[in-house]
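Q: Take this structure first; my questions come after.
The values are calculated or read from the model by the stated rules, or taken from the named source; none is laboratory data. Keep in mind that what you see is a predicted model, and the values were worked out from it rather than measured. Neighbour counts are summed over all protein chains in view; Cβ atoms, including those assigned to glycine, are modelled from backbone coordinates with ideal geometry.
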Amino acid sequence: MAREVQVSAGAAYDLGYHVVWCPKYRRPVLTGVIAARCDELIRAKCAEHDWQVLALEVLPDRVHLFVKAHPVDSPAHVANQLKGYTSRVLRTEFAALKSRLPTLWSRSYFAATVGAVSAATVRQYIDTQYERPWRKERGR
C-alpha cells in the first residue's frame, strides 16, 4: 500500500488506527442483516467525519476497523463515536438486540497505531540526530 500523507493548515500527517471492539459479553449477535447494517453505519459515520476506512470486518463477536483519521481525532474519540452511533441505531432498528443485551457494546476497545515506519526506525532516527553532518558543524 502506498503511503498517503494528508496535508492540512499547519500539519502533514499519516495516522492509521486499528480499532477493535466487541458486543457486551462477547455475544455473537453481529450476523446477517445486523452485520451488514453495522458495516453500513460505520462507513457512513467515518465518511461524516472524513475518516478513510481502509479495512473493515464485522465478525459475529467483534468488529475490526483500520481507519485513517485526522490528528485532532484520538483513537478513543474514533472508537466512542462509532460505538455510540452504531449502538443507538442498531438497537432502535433491531428489537432483538435490546432484549438480549443491556447495552450493545462492551465498554472496552483495543486501539493500535499503524504506520509506514517502525518504532525501531523512529528510535534510530531520533538517537542519531546529532550525528548529522550539519549538526556536527554547529556543535550541538
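Q: Residues being aliphatic (A, V, I, L, M), free of Cβ contacts under 8 Å to residues at least 40 places away in the same chain and surrounded by 13 or more Cβ atoms within 10 Å (Cβ to Cβ): count how many of those fall in the stretch 1-43.
A: 2
Q: Report yes if Arg91 is assigned to a helix (DSSP H, G or I) and either in contact with a helix residue (DSSP H, G or I) (Cβ under 6 Å, 6 or more places away or on another chain) or at pLDDT 95 or above (or both), otherwise no.
A: yes
Q: Can you run down the residue pairs with Cβ atoms below 6 Å, 6 or more apart or on separate chains, where the first is in the stretch 70-96 and under 30 Å from Val5 (Cβ atoms) and the partner is among the charged types (D, E, K, R)?
A: Leu82/Lys45; Tyr85/Lys45
Q: Can you tell me which residue within the stretch 94-135, out of those that are in contact with a strand residue (DSSP E or B) (Cβ under 8 Å, 6 or more places away or on another chain) and farther than 16 Å from Trp21 by Cα, is modelled with the highest pLDDT?
A: Only one residue fits best here, namely Val114.
Q: Enumerate the pairs (first residue in the stretch 105-132 and under 30 Å from Cys38 (Cβ atoms) and hydrophobic (A, V, I, L, M, F, W, C); second residue anywhere and exposed (fewer than 12 other Cβ atoms within 10 Å of the Cβ) and at pLDDT below 90) with beta-carbon separation below 6 Å, excluding pairs fewer than 6 apart on the same chain, so at least 6 apart or on different chains.
A: Ala116/Arg3
Q: Is there a residue in the stretch 63-70 that is over 19 Å from Lys98 (Cβ atoms), surrounded by fewer than 14 Cβ atoms within 10 Å (Cβ to Cβ) and more than 10 Å from the chain's Cα centre (by Cα)?
A: Checked the stretch 63-70: no residue is over 19 Å from Lys98 (Cβ atoms), surrounded by fewer than 14 Cβ atoms within 10 Å (Cβ to Cβ) and more than 10 Å from the chain's Cα centre (by Cα).
Q: Consider the stretch 6-36. How many of its residues are farther than 18 Å from Phe110 by Cα and modelled with pLDDT under 95?
A: Of the residues in the stretch 6-36, 9 are farther than 18 Å from Phe110 by Cα and modelled with pLDDT under 95.
Q: Residue by residue through the stretch 101-115, note down the ones that are assigned to a loop (DSSP other than H, G, I, E, B), surrounded by 10 or more Cβ atoms within 10 Å (Cβ to Cβ) and hydroxyl-bearing (Ser, Thr, Tyr).
A: Pass one, the stretch 101-115, residues assigned to a loop (DSSP other than H, G, I, E, B): 101-104, 106-109, 115.
So of that shortlist, the ones also surrounded by 10 or more Cβ atoms within 10 Å (Cβ to Cβ) come out as 101, 103-104, 106, 109, 115.
Listed by number, the residues that qualify are Thr103, Ser106, Tyr109.
Q: Could you tell me whether any residue of the stretch 37-45 is more than 22 Å from Thr103 (Cβ to Cβ), modelled with pLDDT of 95 or more and acidic (Asp, Glu)?
A: no
Q: For the stretch 71-85, check the following and say yes or no: at least one residue is surrounded by fewer than 12 Cβ atoms within 10 Å (Cβ to Cβ) and in contact with an Asp or Glu (Cβ under 6 Å, 6 or more places away or on another chain).
A: no
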